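The values are calculated or read from the model by the stated rules, or taken from the named source; none is laboratory data. Not measured: the values here are computed from a predicted model. Here the Cβ positions follow ideal geometry from the backbone for every residue, glycine too, while neighbour counts run over all protein chains shown.
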Amino acid sequence: MRVLIIVNTRARSGSSDVDLYDFIRVLGIEGCEIVLRFIDGRPVEELLTDAAAFDRVVAVGGDGTVSSIAYALRHSEIPLLAYPGGTANLLSAAMGLPVEPRALARSLLDSPVQPIDIGELTFGIDGEQRLGFVNAAGAGFDAAIMQSAQALKPALGPAAYLVAAVQNIAPTVAEFELNVDGERLSSSGIAVLMVNFGRVTFDLPIPAGADPVDGMLEVVLLKARTVPSLFPAFVSSVAERVGQRVDPGQSLEVYRCKRVEVSAYPPLRMQSDGEVIDALTPFAAEVLPSASRFVVDESVRAALTQRGE
């Protein structure tokens with residue numbers, strides 16, 4: 001097996017830190033041919049021009065690194081492993097992957113490959129900029145948390161998001177205009193999220209129905225005007241994940257769609273899979289069904305297959 005490993009040297013491992021050397025050593029013992037490349041400021045696409053010559057690609061970094069590589073590999077059917085080398089590592093957890101290096105190497109070799117949807121963001125003055133996300137993207141409160149957390153992550157790790165949330169206790173309230181698969185809607189709130197997998201930093205209240213294999217996005221508008229007023233939605237979100245139903249109150253609006261266009265006044269900062277984007281609303285988000293192939297734990301594959309039946 002030929003394995004291409006792409007490492008983001010700027011990513012900071014948090015509590016899910018794993019030893020890359022042990023990971024590589026296991027693959028080498030199993031007879032894998034390994035090529036190691038480092039992003040180090042270079043465009044990811046330049047490192048993947050010959051990706052079709054490899055049996056597996058490993059993305060070593062945070063969720064933003066993983067999603068950028070997945071987007072660069074879209075529609076290629078090349079299997080990708082999300083190596084937990086960042087702060088939150090939500091994607092690796094969502095795939096059910098272990099953090100112990102030898103077990104993670106065995107997952108690369110033995111675990112099944114699952115088609116996963118990708119979200120595509122289009123933004124900029126003429127819509128000329130594009131980014132992909134696998135887990136979630138958004139604008140407003142979530143992006144403000146991530147922007148505030150950037151300087152704190154080297155010292156605090158995952159706790160940086162909690163501190164950043166406290167720093168943004170009174171987020172900006174915006175007027176949103178949405179075009180959801182052709183239906184125009186207006187509302188106000190502190191954030192809008194486009195969710196594919198359903199796990200987001202700081203456990204923001206996301207409905208449990210987000211499904212990365214259904215060819216749809218969940219669009220979640222956080223209508224709360226303060227962080228404390230989100231509490232009923234937090235309770236509802238946690239309850240859904242353990243199979244119970246709790247009324248989230250009036251703090252959420254949820255839509256399912258293939259494409260959404262979002263504008264906000266005042267314009268809001270954007271984020272994609274935990275990476276703050278140097279741009280403001282408006283933007284469009286569209287789902288690319290089954291555009292990626294991820295190595296996942298068998299239990300995750302079984303759960304996703306059951307959802308699709």
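Residue 126 falls short on exactly one of the conditions (1) out of contact with any Lys or Arg (no Cβ under 7 Å at 6 or more places or on another chain); (2) buried (at least 19 other Cβ atoms within 10 Å of the Cβ), and that condition is (2). Filtering region 65-72 for residues that are part of a strand (DSSP E or B), under 17 Å from residue 3 (Cβ atoms) and at pLDDT 95 or above leaves an empty set. Taken over region 260-279, the criterion of being surrounded by fewer than 16 Cβ atoms within 10 Å (Cβ to Cβ), assigned to a strand (DSSP E or B) and in contact (Cβ under 8 Å) with a residue 12 or more places away in the chain is satisfied by 265 alone. Looking only at residues that are assigned to a loop (DSSP other than H, G, I, E, B) and β-branched (Val, Ile, Thr) in region 24-64, which one is nearest to the chain's Cα centre (by Cα)? Of everything passing the filter in region 24-64, 39 is nearest to the chain's Cα centre (by Cα).
Would a scan of region 16-37 turn up a residue that is surrounded by 14 or more Cβ atoms within 10 Å (Cβ to Cβ), at pLDDT below 95 and closer than 21 Å to residue 121 by Cβ? No: zero hits.
Against the list (1) over 20 Å from residue 70 (Cβ atoms); (2) under 13 Å from the mean Cα position of the chain (by Cα), the condition residue 106 fails is (2).
Let's see how each residue does on (1) closer than 22 Å to residue 293 by Cα; (2) not in a helix (DSSP H, G or I):
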{"position": "92", "(1), (2)": "yes, no"}
{"position": "104", "(1), (2)": "yes, no"}
{"position": "108", "(1), (2)": "yes, no"}
{"position": "115", "(1), (2)": "yes, yes"}
{"position": "120", "(1), (2)": "yes, yes"}
{"position": "130", "(1), (2)": "yes, yes"}
{"position": "139", "(1), (2)": "no, yes"}
{"position": "145", "(1), (2)": "no, no"}
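Return a yes/no flag: does region 48-59 have any residue that is under 16 Å from residue 274 (Cα atoms), surrounded by 21 or more Cβ atoms within 10 Å (Cβ to Cβ), among the small types (Gly, Ala, Ser) and touching a residue at least 40 places away in the same chain (Cβ under 8 Å). Looking for residues that are under 16 Å from residue 274 (Cα atoms), surrounded by 21 or more Cβ atoms within 10 Å (Cβ to Cβ), among the small types (Gly, Ala, Ser) and touching a residue at least 40 places away in the same chain (Cβ under 8 Å), one finds at least one in region 48-59, hence yes. Quick check, is residue 148 touching a helix residue (DSSP H, G or I) at 6+ places or on another chain (Cβ under 7 Å) and either farther than 19 Å from residue 269 by Cβ or at pLDDT 95 or above (or both)? For residue 148, the condition - touching a helix residue (DSSP H, G or I) at 6+ places or on another chain (Cβ under 7 Å) and either farther than 19 Å from residue 269 by Cβ or at pLDDT 95 or above (or both) - is not met.
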